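See below for the structure under consideration.
A short reminder: the numbers here are calculations on the coordinates, not readings from a lab. Everything numeric in this text was worked out from a predicted model, so none of it was measured. Cβ placement follows ideal geometry from the backbone for every residue including glycine, while neighbour counts extend to all protein chains displayed.
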Amino acid sequence: MAQRAAKDYRGSIKPIWCPGCGHYGILSAIYQGFSNLNLNPSEVVVVSGIGCSGRLPGYLRTYGFHGVHGRALPLATGVKIANPKLTVLVAGGDGDSYSIGAGHIPHAARRNADLTYIVMNNGVYSLTKGQHSPTSSPQLLSKQTQLRPLQDALNPIAFAVACDVSFVARGYSHARNELADLIIQAIQHKGFALIDVLSPCPTFNRVQTSDFYRNNIVPIASNHDAADKFQAFIWANETGKIPVGIFYKVRKPTLQERLEERRIQSGREEMSMRNLFEKFY
Ligand SMILES: Cc1ncc(C[n+]2csc(CCOP(=O)(O)OP(=O)(O)O)c2C)c(N)n1
Ligand code: SF4
């Protein structure tokens, strides 16, 4: 099979994100990652929630599902169970993933279905014009209210590690090659992978900007042992600079492997994954 180029994954719809939006960098890193893995577009499904981030599946020449707000993870889990051969990429904004959809993360981690979750984290609710999100900086003056957040910001990496998500990474949308590399590793990882991607929103977030990230992002030390949960927490709670890279990575049975085991135990070799799930989950 000939190697597919990044452009082969480009959908026919032209993105309508604002100029300078970090989400372009994420899209382009996904094209690059898919091309590097030479994925067949007809064997890939991209599932999203709602937000500027939710538009992502429309810009890819794969199958896509633009779901409802905060529910991309259960939708994607269903897709993977129905056809385990598919590569399933899930996308959400920080509001979609860490507010309304946050309750799905611990359970996605417990199931450990083979999904790659890209959180397009711009620190603000952008589609609805600039309300504070769980990852808004305490300094962010909302365009809507002209007020700063009343609540503390969530630490998504520490949250994901605490949930025992089996692959936890942070990337930056303007570091496209490094992000593409994280996406490749997350897809190759067997189990639930979450990449929190810092993605500036120049329209509604004047604090977590590309200048801010350029001056504050640092790579995680190359000798960090990602299997060490305690060290992962230390990196996740770094208060000076913002570390990017893989924080935590462990191999544990995936949902498919757990279901396969039940199939063998039950002696029902012919059962489809979907029927297995309905009968034995
Ligand atoms: C159940 C429900 N509640 C609220 C909304 C309104 N809503 C649409 S997008 C959004 C927030 C989007 O923010 P985020 O997930 O961070 O994505 P972004 O637009 O920043 O990419 C909200 C609150 C909705 N569509 N559905
Ligand atoms: S509002 Fe922000 S997140 Fe939405 S498209 Fe514009 S820059 Fe991107």
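Observations on the structure shown:
- Note on residue 85: aspartates and glutamates with a C-alpha under 15 Å away, same-chain residues under 8 apart excluded, are 43, 114, 257, 260.
- Eligible lysines near residue 229 by straight Cα distance, threshold 26 Å, same-chain separation 8 or greater: 190, 241, 249, 252
- Residue 227 paired with residue 278, simple spin-label distance in nm, labels 7 Å along Cα-to-beta-carbon: 4.0
- Projecting the Cα atoms of 219, 17, 27 onto the charge dipole of the range 6-250, computed from C-beta unit charges around the Cα centre, puts 17 farthest toward the positive end.
- Measuring between their Cα centroids, the range 53-93 and the range 107-184 lie 17 Å from each other.
- Shape call, the range 1-123: gyration tensor on alpha carbons, a/c limit 1.5: oblate
- Across the chain, the mean sequence separation of Cα contacts (distance under 8 Å, 6 or more residues apart), normalised by length, yields a relative contact order of 18 percent.
- Spacing of the two label points (7 Å from each Cα toward its C-beta) at residue 177 and residue 100, in nm: 3.9
- Here the spin labels are modelled as points 7 Å beyond Cα on the Cα-Cβ line, and at residue 266 and residue 146 they lie 6.2 nm apart.
- Cα-centred dipole magnitude for the chain, charges only on beta-carbon of K, R (+1) and D, E (-1), debye, nearest 20: 520
- Semi-axis lengths, Å, the chain, gyration tensor of Cα atoms, sqrt of 5 times eigenvalues: 30, 21, 18
- The helix-based estimate of mean residue ellipticity at 222 nm for the chain, built from -39,500 (n - 2.57) per DSSP H run of four or more residues and divided by its residue count, is -9500 deg cm²/dmol to the nearest 500.
- When the Cα positions of 67, 139, 168 are compared along the charge dipole of the chain, 67 comes out farthest toward the positive end, with charges on each C-beta of Lys, Arg, Asp and Glu.
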